[in-house]
Amino acid sequence: MAEQGISNDNIHYLTIDQVRQGQGQDILGKVGLIVIIAGMTVPGKYLRGTPINLGEISDIARVARDTPVVLGGPIRLGYGSQGGIKVAGPDLPGITLAREDIEAFVYDMLTSPGGLKDPDSVAHRMRSTSEIAKWGARGAFIIRQHPDYPYVMCELETYRGCARQSHCSFCTEAFYGDADFREIEEVVAEVEALYSNGARYFRIGRQPDLFSYMAKDTGGDIPVPRPKALEQLYKGIRNAAPDLRVLHMDNANPATIATYPEESEEIARIIVKYHTPGDVAAMGMESADPGVVSANCLKAMPEDVLEAVRLINRVGGARGDNGMPELLPGLNFIHGLKGESEDTFHHNFQFLKGLLDSNLMVRRINIRQVMSFPGTPMWQEDNTYRYHKQFIKFKEKVRKEIDLPMLERLVPVGTVLRDVMCEVSDGITFSRQLASYPLLVGIPAALPLGRFIDVTVTGHGYRSITGIPYPLDINHAVPRLIGELPGVGKKRARNILKARPYRDKDDLLGKLENMENILPYIIFTVENE
Ligand code: SF4
């Protein structure tokens, strides 16, 4: 940025995890402005990375002393660390809260005379789509400063705002007004800039419904989707980033899919044509209780969601070249909404059971308690949650009776997942494919971190799977990994270990009986004598 002598060289980027590890203290102490992006509108837990909390924000402001600190992002709507609560504040002394878009606020601060010295003189405003086009491309260089670079998922915003005439009781998207689409060329130009800075992992996110990108408002509650716009967008991204490794989507409105099945099927086929496998259309179902759907003006009745799930399964259910199904639905449920009763848990469970019994696949089921924000109809509601015990029980039941068999269907034992990144290890190495909604794989051995390996699926948990490196070097693998081979228990593992090394498959089959089933998953590395 040429404003006030700022160039790319003196813009620094730190994650809160880096700050927690004591990195960047020298930078914080000498810069002219600190910008903190914080907060979440959807509570969640992550393998790596815990969102910044209010104490940490205050600590940064203390280190900064006289340097102005601007805080923004989702936190402007209020701070909450978990679901089931009303958000609060944040009122932090010595920190300026950007009450609308932080990028616009910081830009105005840096371009208006005296803005840096007196942040209170700067107006709060939303940025326009043309501004984001300009800033997105110019700011693409920052990806190089991310500690995980080049393995960074870049979120591409196509629009924000909700085109529905009425809005769901808990949702903050209505604050942005009607859908405000970014031009296809502008999104593609941002991809081009990111790609030239080494980005290879993309997700088309932020928008409440990708199927409604550039949709035509005809006065109804749900606008008419425009498959041609999606084709141009995806094609443009692929042309701008020919060697991208991941291209995933995020949200889809099941009501759009159920209301316009033909257009939606065309869009789903376009997505599958241009994307990378392991993709998820995350659908905010929120509740399968018709009473709760009506009381909260939710977008879709259970039968609409079922239609949407069916359509996505039909188009995206085939396995892709990275081992995951091409495109599957994800479902989000929210508890604590208006009109909820004990019956709601029954409705929700029966809906999920119906999907399982109909041989359908759902990539992931998120179950949360509502987080209430000021300005939404939910904010007026009583904050006491009467069904906490039932909620916990319901979650456990879904994990055990739905998630587990669903995962077994999704990635059966013996499936080979490609390009799984080893991220964290404490005896078990936790790893994931880079994806919009990655599946967690636990490998029962300490493996070098920061590397991609292929993995054979060997077992299933409620929300994660167990796997072993593919192919497994039978002559050198540690006993725990040998014992994980499909069909090999402790006893057979002991026999395999006792008779090592094996020259080749004939040697193995000659020494031990019934070993044919492990041959697809192993290799024989023999040291030169
Ligand atoms: S949750 Fe409801 S209000 Fe919010 S963006 Fe989706 S359809 Fe619109």
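In the distance distribution for the chain, Cα-Cα pairs more than 42 Å apart total 25 percent.
Normalised by the number of residues in the chain, the mean separation of alpha-carbon contacts (under 8 Å, six or more apart) gives a relative contact order of 10 percent. Between L356 and D26, residue separation times 0.36 nm minus the direct Cα-Cα distance comes to 113.4 nm. By the Cα gyration tensor, region 148-410 has an equivalent ellipsoid whose semi-axes, rounded to whole angstrom, run 30, 22, 17 from largest to smallest. Which lysines have a Cα lying under 21 Å from the Cα of K498, excluding residues fewer than 8 positions away in the same chain? Straight-line reach from K498, under 21 Å: K490, K511. Positive-end ranking of A64, S7, T111 along the dipole of the chain, with charges on Cβ about the Cα centre, is headed by A64.
The translational diffusion coefficient of region 421-464, from Stokes-Einstein at 10 °C and 1.306 mPa s with a Kirkwood hydrodynamic radius over alpha carbon pairs, comes to 149 µm²/s. Tell me which lysines have Cα within less than 21 Å of K117's Cα, excluding those fewer than 8 residues away on the same chain? Filter leaves K30.
For region 148-410, the relative contact order works out to 17 percent when only alpha carbon pairs closer than 8 Å and six or more residues apart are counted.
The long axis of helix 227-240 is offset from the longest Cα principal axis of the chain by roughly 70 degrees. Close amide H partners of Y159, meaning residues 5 or more places away or on another chain with modelled amide H under 5 Å apart, are R182, Q207.
Counting only alpha carbon atoms, the long axis of helix 261-274 and the longest principal axis of the chain meet at about 70°. Seen against the Cα atoms of the chain and their longest principal axis, helix 102-111 is set at about 50 degrees. Averaged over residues, the count of other Cβ atoms within 10 Å places the peptides 278-289, 66-77 in the sequence 278-289, 66-77, highest first.
Taking one equal scatterer on every alpha-carbon of region 70-209, how large is log10 of I(q)/I(0) by Debye at q = 0.12, 0.19, 0.20, 0.22 1/Å? Ignoring solvent entirely, the Cα scatterers give -0.62, -1.32, -1.35, -1.36.
Helix content alone sets the calculated 222 nm mean residue ellipticity of the chain: runs of n ≥ 4 DSSP H residues at -39500 (n - 2.57) each, divided across all residues, give -9000 deg cm²/dmol. Per residue, the average separation of C-alpha pairs within less than 8 Å and at least 6 apart gives region 376-524 a relative contact order of 18 percent. Between the amide H of L440 and those of I465, distances stay under 5 Å, these residues lying 5 or more places away or on another chain, with hydrogens modeled in the peptide plane. Cross-link partners of K395 among lysines, defined as those whose alpha carbon lies under 27 angstrom from its own and excluding same-chain residues fewer than eight positions apart: K45, K86, K299, K338, K353.
Just so you know, all these numbers are worked out from the coordinates, no wet-lab data involved. Because the structure is predicted, anything quoted here is derived from the model rather than measured. For neighbour counting, all protein chains shown are included, and Cβ atoms are generated from backbone atoms with ideal geometry for every residue, glycine included.
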